[in-house]
Amino acid sequence: MKTIDDVPLIIRREIEALVLAPIIHAFEKEVGKERAHEIVQEIISDLAHQAGESWGKRVERNEMPDFVEHLLPIFSKDALDFEVKEVSVDDTRWDVTRCKYAEMYKKYGLEDLGYILSCSRDGSLFEGFNQDLRFTRDHTIMEGDDYCDFCIEKKKD
């Protein structure tokens, strides 16, 4: 192993969760659960945006088909079962049908933090990757749905 990028993302999220959960729970006692989660959410979003920018610079192009080709395999490796519904320059959609991230948070009793620490990154990550993209999702396995629906659209002028 040479860099952190050699560590599967699911393992990185597991390590982060085990370190951050006690810290977040301590902050919840000090500033309240809602405020603690807002602070963590802001930090996680900033980190995800930075990661998206970094990935956007690493690939030759940063359009939606490029994301699906280069980054989706990295983010899903050993962690997600998914079905790509549509890939075009203007609209890309896929459904996640199994999420080992959700399974991992549940295993540790951290369902309350799973969305904040993992799912909430997605929108900021895509925006960092290409600020002309808009991300929407109405369902997540983490929140009890049967699937996660990912939709990335090119912003209309």
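For residue 16 and residue 145, compute 0.36 nm times the residue count separating them, minus their Cα-Cα distance, and round to one decimal in nm.
Here the segment from residue 16 to residue 145 would lengthen by 44.0 nm.
Helix check for the chain. Which DSSP H runs span at least 27 Å along their own axis by Cα, with a mean Kyte-Doolittle hydropathy no less than -1.0?
The qualifying helices are 9-31, 33-58.
Quick check: pseudo-label points 7 Å beyond the Cα along Cα→Cβ at residue 137 and residue 7, how many nm apart are they?
Inter-label distance under the simple model: 2.2 nm.
Over the chain, what relative contact order in percent results from Cα pairs under 8 Å that are six or more residues apart?
For the chain, the relative contact order is 26 percent.
Quick one: of 33/154; 57/154; 29/106; 57/100; 100/155; 29/107, which pairs are farther than 25 Å apart, Cα to Cα?
Checking Cα-Cα distances, 33/154; 57/100; 100/155 exceed 25 Å.
For the chain, what is the mean residue ellipticity at 222 nm derived from helices alone (per DSSP H run of n ≥ 4: -39500 (n - 2.57); sum divided by total residues; nearest 500 deg cm²/dmol)?
Helix contribution divided over all residues of the chain: -15000 deg cm²/dmol.
Using only alpha-carbon positions, what ratio does the radius of gyration of the chain give when scaled by 2.2 N^0.38 Å?
Expressed relative to 2.2 N^0.38 Å, the Cα Rg reads 1.04.
Name the residue farthest towards the positive end of the dipole of region 4-154 from the options 45, 55, 7, assuming +1 on Cβ of Lys and Arg, -1 on Cβ of Asp and Glu, about the Cα centre.
Of 45, 55, 7, it is 7.
How about region 49-157: which GluC sites (Glu not before Pro) there lie in a loop by DSSP and see at most 13 other Cβ atoms within 10 Å?
Passing sites in region 49-157 are 60, 143.
Read the figures in this text as sums done on the coordinates, not as results from a lab. Predicted model, so just to flag it, every value in this text is computed and none were measured. Every residue, glycine among them, receives a Cβ derived from its backbone with ideal geometry; neighbour counts consider all protein chains shown.
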